[in-house]
Amino acid sequence: MKFNQFLITTNFKALSLIYLYNIILILVILLLLPAFLIKLIIDRRYRRGLLERLGSIPAKVDSVLKGERPVWFHAASVGEVNASVKLISAIKARWPEKKIIVSTFTATGNAMAREKLEVDAVIYLPIDIPFIVRKVIERLNPAVLIIMETEIWPNLINEAKALNAPVVLVNGRISDSSYGKYRIIKSLLRVVFSKMSLIMTQSDEY
């Protein structure tokens, strides 16, 4: 299977690869920042969830969690939200007292999660910058982080592991169209996947 070659656990140059990723990420953010600020001013859609993306968790989330360690699902957009429905329902049926929080990347996914999922809170995923994701993880203190499909954010996963929150990938897949792109960053993916406690991938049938 295409997925297997990315699953070899390795510590070789792990730290330097994460550092390199962060350097490239910061450069990309700085490059795109002027255009983003202009869009932020002229189009209010870009302001939606901005504070949450910068690491601010609404006070109402704290009041809902009440200090409990939630199950944190990350479902990037509409497709991942739909894919999470049955699993979230199963967890709620088995552990009805367990708090569940869902993060999304897109506004459409966020709206669908609020409408369709029976969860305790829905937030936007924080920007994948180390100190921002670390702040959010420390605040939420999740019992587990469950990532739907192949939504890979290296700092989110690395910081969750460092803060003793197991990371689980559910319904993972690498499509033919994205295979070449993943091969380019294969070394980084090996480091990231090695941080996960469990990886469940799609089969040829499902």
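Where a number appears in this text, it was derived from the coordinates with a stated rule and is not lab data. What you are looking at is a predicted structure, and each value in this text was computed from that prediction instead of being measured. So basically every Cβ, Gly included, is an ideal-geometry build from the backbone, and we count neighbours across all protein chains shown.
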Name the GluC sites (Glu not before Pro) in segment 149-206 that are in a loop by DSSP and that have at most 11 other C-beta atoms within 10 Å, would you?
E205
Report the residue, chosen from N141, N164, N110, that carries the largest GNM mean-square fluctuation when the chain is represented by alpha-carbon nodes joined by springs under 10 Å.
N164
Cross-link reach list, aspartates and glutamates versus K66, counting only Cα pairs under 16 Å and skipping chain neighbours closer than eight places:
E97, D120, E138
In segment 13-102, with Lys and Arg counted as +1 and Asp and Glu as -1 at Cβ, which of these residues, V85, P70, F36, has the Cα nearest the positive end of the dipole, that is, farthest along it?
V85
About the Cα centre, charge dipole magnitude for the chain (Lys/Arg +1, Asp/Glu -1 at Cβ), debye:
300
Using a Gaussian network model on the chain with a 10 Å cutoff between Cα atoms, which of L125, L27, L189 fluctuates the most?
L27
Lysine pairs in segment 97-206 8 or more apart or on different chains: how many have alpha carbons under 22 angstrom apart?
11
Could you list the GluC sites (Glu not before Pro) in segment 85-141 that lie in coil according to DSSP, counting only those with at most 12 other Cβ atoms within 10 Å of their Cβ?
E97, E118
Could you calculate the contour length gain from R114 to N171, that is, 0.36 nm times the residue separation minus the distance between their Cα atoms, to one decimal place in nm?
18.4 nm
Spin-label proximity, L27 to segment 125-150 - amide N less than 18 Å from point 7 Å beyond Cα toward beta carbon:
129-130
Report ³J(HN,Hα) in whole Hz for each residue of segment 161-171, in order, from the Karplus equation J = 6.51 cos²θ - 1.76 cosθ + 1.60 where θ = phi - 60°; Gly and Pro get x.
4, 5, 9, 6, 10, x, 10, 10, 9, 10, 6
Of F73, F193, F36, the most mobile residue in a GNM of the chain (C-alpha springs, cutoff 10 Å) is F36
